[in-house]
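Below is one structure, written out as structure tokens; comments come after it.
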Amino acid sequence: MYFGEDLEREELKKLAGEKAVEYVEDGMILGLGTGSTVEYSLRKLGMLVKDGLKIKGIPTSMHTRRIAKEENIPLTTFEENPEIDLTIDGADEVDSDLNLVKGGGGALTREKIIAYHSKKVIIVVDDSKVVKALGIDFALPVEVVKFGWASTKKALEQFGWQPAKQTLEEIGCTVELRKVMGDEPFITDNGNYILDCEFQRIDNPEELEKEINNVPGVVENGLFIGLANEVIVGGKQGILTLDR
Ligand code: 5RP
């Protein structure tokens with residue numbers, strides 16, 4: 001039964017991922033997002049490029065760069081093309097204001113730079129990612145430099161103490177160094193660590209985004225506020241498009 005649910009989820013991701021590619025036009029500079037949902041967009045884009053579509057992409061991660069290479073999607077750089085026409089990317093959580101939590105794949109810093117410099121950002125998700133409030137189901141990823149990371153972690157733990165109606169027991173923020181393969185820290189494409197910050201919920205994402213980025217050692221955090229223009233949601237009833 002679990003296997004069946006996974007298969008269904010893949011279908012919903014594919015639905016959303018492939019739909020976004022309909023927004024791509026000849027001659028565009030594209031931001032190429034990271035993750036399993038946007039991989040469906042990249043594979044579809046590869047087919048269109050094979051059929052003659054002329055675009056150039058800037059990848060948000062080494063992983064996406066590899067997929068783009070496999071698909072013969074031409075790549076470019078910010079130096080050659082400082083402005084991006086359209087970015088297609090995934091997300092870990094999406095709220096009703098189209099604010100996002102991103103960084104499940106650890107690519108949040110490059111993803112945010114690319115989203116910020118894009119004329120339009122389309123997010124592709126399956127319906128499990130649409131939430132009432134950010135931070136309930138998914139820990140907020142924060143990229144930090146290695147130097148002083150343990151103290152940066154301590155500073156981030158204070159962000160659990162939000163002024164709110166709830167008791168402190170309900171609001172606590174726990175911070176974990178992301179690890180891979182046993183005890184090895186996960187290293188981002190920029191050579192940094194990721195601290196995953198688990199909140200009970202994030203009530204003021206706009207404020208929190210700025211406050212976290214004020215802590216020395218923090219490179220960027222996974223709150224994407226006001227950056228998404230449209231979210232394509234793959235659900236059992238089909239595709240739902242959320243926009244501003
Ligand atoms: C990577 C990301 C991804 O876009 C996000 O984690 C969603 O991935 P998936 O589509 O595999 O669920 O932010 O840093």
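Since every read-out is calculated from the coordinates, none of them should be taken as a lab result. On a predicted model such as this, the values are computed, not experimentally measured, just so you know. Here the Cβ positions follow ideal geometry from the backbone for every residue, glycine too, while neighbour counts run over all protein chains shown.
The figures follow:
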read-out	value
For the stretch 225-232, 3J(HN,Hα) per residue [Karplus equation, 6.51 cos²θ - 1.76 cosθ + 1.60, θ = phi - 60°, Hz, x = Gly/Pro]	9, x, 9, 7, 8, 8, 10, 9
Base-10 log of normalised Debye intensity for the stretch 167-244 (one unit scatterer per alpha-carbon) at q = 0.12, 0.13, 0.17, 0.20 Å⁻¹	-0.55, -0.64, -0.95, -1.06
Rounded to 5, the percent of DSSP beta bridges in the stretch 100-244 classed as antiparallel	80 percent
Amide proton proximity set for Leu75, modelled H, under 5 Å, gap of 5+	Gly57
Estimated D of the stretch 39-113 in µm² per second, where Rh is the Kirkwood radius over Cα pairs and Stokes-Einstein applies at 25 °C, 0.890 mPa s	182 µm²/s
For Ala91, residues with placed amide H under 5 Å, excluding near neighbours	Val124
Within the chain, percent of DSSP bridges classed antiparallel, to nearest 5	55 percent
Most mobile listed residue (Lys153, Lys14, Lys179) in the chain, GNM with C-alpha springs under 10 Å	Lys179
Max mean-square fluctuation residue, GNM over the chain, Cα-Cα springs under 10 Å, options Thr174, Thr109, Thr34	Thr174
FRET efficiency estimate (nearest 0.05) - Cβ-Cβ, Ile225 to Asn72, R0 41 angstrom	0.70
Degrees separating the helix 36-50 axis from the principal Cα axis of the chain, which is the longest one	20 degrees
Ranked packing of 16-22, 201-207, most packed first, by mean Cβ within 10 Å	16-22, 201-207
J(HN,Hα) series, the stretch 117-133, from Karplus relation 6.51 cos²θ - 1.76 cosθ + 1.60, nearest Hz, glycine and proline x	9, 9, 5, 9, 10, 10, 9, 10, 9, 8, 5, 5, 8, 7, 10, 6, 9
Flagged links, alpha-carbon separation over 24 Å, of Lys56/Lys236; Lys153/Lys210; Lys19/Lys120	Lys56/Lys236
Scattering profile of the chain at q = 0.16, 0.18 Å⁻¹ [log10 I(q)/I(0), Debye over alpha-carbon scatterers]	-1.17, -1.39
Amide hydrogen neighbours beyond the local backbone of Leu32, cut-off 5 Å, H modeled	Ile58, Thr60
Packing rank of 63-75, 219-231, 128-140, where each peptide gets the mean count of other beta carbons within 10 Å, highest leading	219-231, 128-140, 63-75
